[in-house]
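Below you'll find the structure, written out as structure tokens, and then a few comments.
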Amino acid sequence: MSLVEPKNTTGLPLDLPVEELVVVPRRRYGIWIGIAIAMLFAFFIGKAFATNPAFDWGTAANYLFHPSIMRGLGKTLLLTVVIMAAAIVIGTIIAIMRVSPSAVLQTFASAYVWFFRGVPALIQLIFWFNLSLLFRTASLSIPGVGTIFSVNTNDFMTPFVSAVVALSLCEAGYLAEIIRAGIKSVPHGQFEAASGLGMSYRQILRRIILPQAMRFIVPPTGNEAISLLKMTSLVTFIAVDDLFYTAQSIYARTFETIPLLIVVAFWYLFVVTVMSIGQHFLERYYGRSDRRQENPLIRLLQSLLGSRKGSVQS
Amino acid sequence: MTSQAESRARFGVPADAMVFARSVRKSYGSLDVLKGIDLIVPKGSVACIIGPSGSGKSTFLRCINHLEQLTGGVLLVDGEFVGYDLRDGKLYEVKDSLLCKRRADIGMVFQSFNLFSHMTVMENLIEAPTRVRGMSVAEAKASAEVLLARVGLSDKAGRYPRELSGGQQQRVAIARALAMNPKVLLFDEPTSALDPELVGEVLQVMRDLAESGMTMVVVTHEIGFAREVGDDLIFMDEGVIVERGEPREVIANPQSARTREFLSRVL
């Protein structure tokens, strides 16, 4: 019920009938043709997968939960988690340096991003693996006191450690840029309001700026995590026994190349799918302050049927 | 001698001065925004600053709580430099924790509200009291509820800023500033971003505040508000104070031609 009464401003008598008109949707021939072509492709691909015996689905199924494959998958997941965690910490520090008022820190951070994003990950990986060619030993000596400790580089730069160091530093370069863009996206007024309330720079970053930057940081970081998961397959080159390396060492023996590649592809796809679902919920969490009441099912249907936004608004 | 006492004696600051400005200058490179501002805002009074855009009135306001650093001159709040300590005739920049502590005593309300958009109204109000003043959450919530009632928004405590109208957001921003129990409240064009029909509710809250004895410095375009509530009306142009006086007097009988011209365009 409303207290506002509508007023007739046209001067026409109110009892003239106004019919409800039917809206006829525009014909979308282009979309229909597209659907037909896509269906045709899907049919041929499906047929090839189902009928070509070289795919050897039975063998693939046998290897799916093979203990070595499971161990390899575990190593791949471990690498992804450890590298991502380290990269987020390093990337945040670099990003904060890039937005700091000090020109020296800014330059240092820019140089970091320039180098670690510029050199291919595989080359960085092999470089760290061969660190002992540069430094035989790592030692700490204090003049007058003597050597505190000294270790052979090869003793601690194991393939796993090289992989973690190389890919963390590399990934941090990308994350630093994402985090910096997120920080920049928060309006300056938020910083001023918090300063005016007497909050310290650290409190402002941690309580005001970063939480709001998260909305812009989470989606691309999810993509980074997904591409990192796949990037970890590079460690095969330095003989870290991850998922891909394990599969390779099996098919090198048995020549069941295609089935094992299918197994590997399946597990990467599976993990990526799980990560995408997690990313969706993270995005919802950080976007909670500006979520509108929207039915996700209706939105999904709209995007599937290609109806344009605004045409179905109530 | 404490820094505060030394400053008071050295610059002859009256005992009742909340804001004390002597030849305050501010420039950005070769651009002089403030060219020597002299002003005393007594405790418990309301000073309204009017003037065309680009006259430096917002910059002056931001100098008061040290969001902008002075290029020259002396600016004291309650007898104290905000960003410095005066010792042996020199100004030492204070460390961040002390600057924060002093800023916490100076409330500021912005043209664009600047509520923390990821926090509910209640979270906005208790953030600084709990983090800066170390108040307990229960205590901060209790006083936040009193403040929300005061600005007429008790039912909005759980809402996010974007769910509120501009007028409601600005009233929350005022409550947020009050939650720190400030000595002085600075308003930077608090109603300029509002739809005309929402201006009244914000001005009403400010009027109530003035009556409660809060010291306020208000940069505004609301001449009516300045006339009714202000104890002083200051007209600024091109980085200087052109005219200052009792608001009714200045509006009815402006002394300078520049003030007359400005008032004739806004009234």
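Here are some notes:
- Span-like helix check, chain B: qualifying full DSSP H segments, with Cα axial length of 15 Å or more and mean Kyte-Doolittle of 0.0 or more, are B:137-150, B:196-211.
- Look at the dipole of the protein assembly as shown built from charges on Cβ: of A:Phe160, A:Ala60, B:Val266, the Cα furthest out on the positive end belongs to A:Ala60.
- Counting Cα-Cα pairs of segment A:1-157 in 5 Å increments starting at 0 gives whole-percent bin shares of 1, 5, 5, 6, 7, 8, 8, 7, 7, 7, 6, 6, 5, 5, 5, 3, 2, 1, 1, 1, 0, 0.
- Springs join every pair of Cα atoms under 10 Å in this Gaussian network model of chain A, and among A:Leu122, A:Leu16, A:Leu175 the largest mean-square fluctuation is at A:Leu16.
- 12 Å beta-carbon shell around B:Leu99, net charge (K/R +1, D/E -1): -1
- Charge dipole (chain B, unit charges on Cβ, about Cα centre) - positive-most of B:Gly200, B:His66, B:Val41: B:His66
- Rounded to the nearest 20, the Cβ-based charge dipole of the protein assembly as shown about its Cα centre (Lys and Arg +1, Asp and Glu -1) stands at 1200 debye.
- Highest-MSF residue in chain B out of B:Asp88, B:Asp16, B:Asp237 [GNM, Cα springs under 10 Å]: B:Asp88
- Modelled FRET efficiency - R0 51 Å, B:Arg258 with A:Asp15, Cβ distances, 0.05 increments: 0.25
- 5 Å binning of all Cα-Cα separations within segment A:38-91, expressed as whole percents from 0 upward: 4, 16, 11, 12, 11, 12, 13, 12, 8, 2
- By the Cα gyration tensor, segment B:62-210 has an equivalent ellipsoid whose semi-axes, rounded to whole angstrom, run 29, 18, 12 from largest to smallest.
- In a simple Cβ point-charge model (Lys, Arg +1; Asp, Glu -1; nothing else charged), segment B:2-44 has a dipole of about 60 debye relative to its Cα centre.
- Sorted from longest to shortest, the spans of the Cα atoms of chain B along the three principal axes equal 49, 48, 35 Å.
- For the protein assembly as shown, share of DSSP beta bridges that run antiparallel, in % to the nearest 5: 65
- Rg and Dmax, both from the Cα atoms of segment B:1-116 and both in Å, are 14.3, 42.
- Between B:Ser97 and A:Ile37, the modelled labels are 6.8 nm apart [label points 7 Å from Cα along Cα→Cβ].
- With a cut-off of 14 Å between beta carbons, the residues surrounding A:Lys230 carry a summed charge of -3, where Lys and Arg count +1 and Asp and Glu -1.
- For chain A, the dipole from Cβ point charges (+1 on Lys and Arg, -1 on Asp and Glu) about the Cα centre works out to 360 debye, to the nearest 20.
- For chain A, the residue among A:Leu205, A:Gly189, A:Ile35 whose Cα projects farthest onto the positive side of the dipole built from Cβ charges is A:Gly189.
- Within straight-line cross-link reach of B:Lys156, aspartates and glutamates at Cα separation under 15 Å, skipping those fewer than 8 residues along the same chain: B:Glu123, B:Glu145
- Estimated from helices alone, the mean residue ellipticity of chain A at 222 nm is -21500 deg cm²/dmol (sum of -39500 (n - 2.57) over DSSP H runs with n ≥ 4, per residue).
- Kirkwood estimate for segment B:111-172, i.e. one over the average of 1/r between Cα atoms, Å: 11.7
- Using the Cβ-Cβ distance between A:Ile123 and A:Leu77 with R0 set to 35 Å, the FRET efficiency from 1/(1 + (r/R0)^6) comes to roughly 0.90.
- The shape of the protein assembly as shown can be summarised by an equivalent ellipsoid whose semi-axes, obtained from the alpha carbon gyration tensor, come to 59, 39, 19 Å from longest to shortest.
- Kirkwood-type radius of segment A:128-198, with distances r between different C-alpha atoms, in Å: 16.1
- Quarter of the Cα convex hull surface for chain A, i.e. its orientation-mean projected area (nm²): 31.1
- The translational diffusion coefficient of segment B:170-267, from Stokes-Einstein at 4 °C and 1.567 mPa s with a Kirkwood hydrodynamic radius over alpha carbon pairs, comes to 90 µm²/s.
Just so you know, all these numbers are worked out from the coordinates, no wet-lab data involved. Bear in mind that the values here come from a model prediction, so they are computed numbers and not experimental data. Glycine also receives a Cβ, built like all others from the backbone with ideal geometry; neighbour counts cover every protein chain displayed.
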